[in-house]
């Protein structure tokens, strides 16, 4: 088995050259039916399109995994914040009895939720960066960090904190002061 390299300027010429090479190989291999050819002709464009399809598939797969991970992480954050609301019910009742507004209570719990998620996002970025640096050093690939990706990750982490922290924050803000002070 051998390979032949041919340089062609445009797609029409490429198709013509591919057909000529195919007919030449069919005659040299003494094949009567072209569907029974014992060879395949690939162009660089064919290889690039195959690589592009594989890349798109991996991107979709990783995007799906990331979305599921964010959903599971968000649910975990919401559960942690709901437990925090239950544990601090008396504190919330006392704050509201002393004049805290619903907005102040919501803000408190949303800030806690955002701090929790952003801290987790930063820790994840640090670990990911270290792992990427180690792997790039081992396989001799240049190590680069895209600042836009880092900022996007921090923004998404904060957004997850706001989205999944909203329900527990509203639940805390809607507690009645008398009932919350009686809670044990």
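What the table shows:
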{"item": "Residue 33 vs. criteria loosely packed, with under 12 Cβ neighbours inside 10 Å and over 23 Å from residue 157 (Cβ atoms)", "result": "yes"}
{"item": "Qualifying positions in the range 37-75 - farther than 30 Å from residue 26 by Cβ and surrounded by 13 or more Cβ atoms within 10 Å (Cβ to Cβ)", "result": "70, 73, 74"}
{"item": "Those residues of the range 155-184 which are surrounded by fewer than 16 Cβ atoms within 10 Å (Cβ to Cβ), within 29 Å of the chain's Cα centre (by Cα) and under 20 Å from residue 101 (Cα atoms), in sequence order", "result": "162, 167, 170"}
{"item": "Tally, over the range 135-148, of residues that are part of a helix (DSSP H, G or I) and loosely packed, with under 11 Cβ neighbours inside 10 Å", "result": "4"}
{"item": "Total residues in the range 90-119, condition crowded, with 19+ Cβ neighbours inside 10 Å and more than 33 Å from the chain's Cα centre (by Cα)", "result": "4"}
{"item": "Residue 86 being over 30 Å from residue 25 (Cα atoms) and surrounded by 14 or more Cβ atoms within 10 Å (Cβ to Cβ)", "result": "no"}
{"item": "Selected residue [in a helix (DSSP H, G or I), out of contact with any helix residue (DSSP H, G or I) (no Cβ under 9 Å at 6 or more places or on another chain), at pLDDT 90 or above and surrounded by 11 or more Cβ atoms within 10 Å (Cβ to Cβ)] from 131, 127, 152", "result": "152"}
{"item": "Segments classed as helices (runs of 4 or more DSSP H), wholly inside the range 11-106, with at least 2 members that are modelled with pLDDT under 85, more than 23 Å from residue 176 (Cβ to Cβ) and touching a helix residue (DSSP H, G or I) at 6+ places or on another chain (Cβ under 8 Å)", "result": "11-28"}
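The values are calculated or read from the model by the stated rules, or taken from the named source; none is laboratory data. Here the structure is a predicted model, which means the values were calculated and not measured. Glycine gets a Cβ as well: all are built from the backbone with ideal geometry, and neighbour counts include every protein chain shown.
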